[in-house]
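The values are calculated or read from the model by the stated rules, or taken from the named source; none is laboratory data. On a predicted model such as this, the values are computed, not experimentally measured, just so you know. Cβ placement follows ideal geometry from the backbone for every residue including glycine, while neighbour counts extend to all protein chains displayed.
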Amino acid sequence: MIQNKIDKQIVTKKVMAILNITPNSFFPKSRKQTKQEIIKRIIQIKKERADIIDIGGYSSHPNSEFVSEKEEINRVQLGLELLFQEMPNAIVSIDTFRSKVVKECAKKFPISIINDISAGKLDSKMTNIITELHVHYIIMHMRGTPQTAMKYTKYNDLLSEILSFFEEKINYLYHRGIYDIWIDPGFGFSKTTYQNYKILSQLKQFSIFNLPIVVGISRKTMIREIIKVSTEKALNGTTALNMFALTQGADIIRVHDVKEAVQTIKLYNQIQTI
């Protein structure tokens, strides 16, 4: 079942809420496993008015453990079942790099977006699934795998190489008939803290593709390392950088904290009306 509810003309300045159905995501308070925990999180997201809900069943932080396809499917389908019971009209993204997870979930639930941290590199069948389902496709820049990404942080020219990666990937997808593409620079994946800030400072360069730009920096190391706080205390830094990202062309901010992100966009929009 496919429910493509997104008009690409209005995909701008939106909040994507993170719904982790995992036991080991880097932000402990975001981990939801039991039905009660998941439902509570869904109700919170609904109340705080996220535009998109991104469901993941496989943590992608560097120290994450391997999760079988079967387990990932079970986790994501549980989340989808509970989500659509509470929010039948939700715009839903699946955070996965596995085509089988997408295929099995799409059989039962109306999926609008696939959020693939590997941009198809870790599963050659992903492109075929995207073509078949006609969903929006988020491609992220990353080297290696989630477990090895931080071994690959050496670049001759950071921005040029990442932009070239997207140019090549976008052209490939266009040739496959896939046009509903969003791009994510991949903050924290194969990048040092300095490199993350360099990308953020030059985010406007990614507008060259005329595609929606997704920014996921919520409570990440790049924030905690600079202001010397724990994950639990990184909300203020997250909000500050999200506002900056919006001013530099970010269209979707992917966050743990929906209420604060919605408020940030509201304030950003107010500035634009002056």
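Condition check: in a loop (DSSP other than H, G, I, E, B), surrounded by fewer than 20 Cβ atoms within 10 Å (Cβ to Cβ) and at pLDDT below 95. Does Asn74 satisfy that? It is false that Asn74 is in a loop (DSSP other than H, G, I, E, B), surrounded by fewer than 20 Cβ atoms within 10 Å (Cβ to Cβ) and at pLDDT below 95. Against the conditions (1) at pLDDT 95 or above; (2) basic (Lys, Arg); (3) more than 16 Å from the chain's Cα centre (by Cα), Arg98 satisfies every one except (3).
Checking each residue in the range 134-184 for being basic (Lys, Arg), free of Cβ contacts under 8 Å to residues at least 40 places away in the same chain and either outside any helix (DSSP H, G or I) or touching a Leu at 6+ places or on another chain (Cβ under 9 Å) (or both) picks out only Lys154. Might you let me know whether the range 39-50 holds any residue that is of a type outside the set (Ser, Thr, Tyr), exposed (fewer than 13 other Cβ atoms within 10 Å of the Cβ), closer than 24 Å to Phe244 by Cα and at pLDDT 90 or above? Taking every residue of the range 39-50 in turn, at least one turns out to be of a type outside the set (Ser, Thr, Tyr), exposed (fewer than 13 other Cβ atoms within 10 Å of the Cβ), closer than 24 Å to Phe244 by Cα and at pLDDT 90 or above.
Just one residue in the set Glu232, Glu168, Glu225 is of a type outside the set (Gly, Ala, Ser), within 30 Å of Thr131 (Cα to Cα) and out of contact with any strand residue (DSSP E or B) (no Cβ under 6 Å at 6 or more places or on another chain); that residue is Glu168. Once the range 149-167 is narrowed to residues that are more than 22 Å from Ile226 (Cβ to Cβ) and within 19 Å of the chain's Cα centre (by Cα), the residue that is surrounded by the most Cβ atoms within 10 Å (Cβ to Cβ) is Phe166.
For the range 185-212, a tally of residues being of a type in the set (S, T, N, Q), part of a loop (DSSP other than H, G, I, E, B) and touching a residue at least 12 places away in the same chain (Cβ under 8 Å) returns 3. Filtering the range 218-272 to residues that are without any contact (Cβ under 8 Å) to a residue 24 or more places away in the chain and on the phi > 0 side of the Ramachandran plot leaves only Lys228.
Every condition in (1) buried (at least 19 other Cβ atoms within 10 Å of the Cβ); (2) under 22 Å from Phe165 (Cβ atoms) holds for Asn242 except the one numbered (2). Put simply, of Ile117, Ile111, Ile170, Ile130 the only residue that is modelled with pLDDT of 95 or more, surrounded by fewer than 21 Cβ atoms within 10 Å (Cβ to Cβ) and of a type in the set (Val, Ile, Thr) is Ile170. Looking only at residues of the range 93-124 that are in contact with a Ser or Thr (Cβ under 6 Å, 6 or more places away or on another chain) and not acidic (Asp, Glu), we find that the one that is nearest to His61 (Cα to Cα) is Ile117.
Candidates are the residues of the range 231-262 that are in a helix (DSSP H, G or I) and among the acidic types (Asp, Glu); the one that is modelled with the highest pLDDT is Glu260. Filter the range 51-60 down to the residues that are at pLDDT below 95 and either over 16 Å from the mean Cα position of the chain (by Cα) or crowded, with 23+ Cβ neighbours inside 10 Å (or both) and list them by number. Across the range 51-60, the qualifying residues are Gly56, Gly57, Tyr58. Output the residues belonging to the range 144-203 that are aromatic (Phe, Trp, Tyr) and in contact with a Ser or Thr (Cβ under 6 Å, 6 or more places away or on another chain). Tyr152 - this is the single residue of the range 144-203 that is aromatic (Phe, Trp, Tyr) and in contact with a Ser or Thr (Cβ under 6 Å, 6 or more places away or on another chain).
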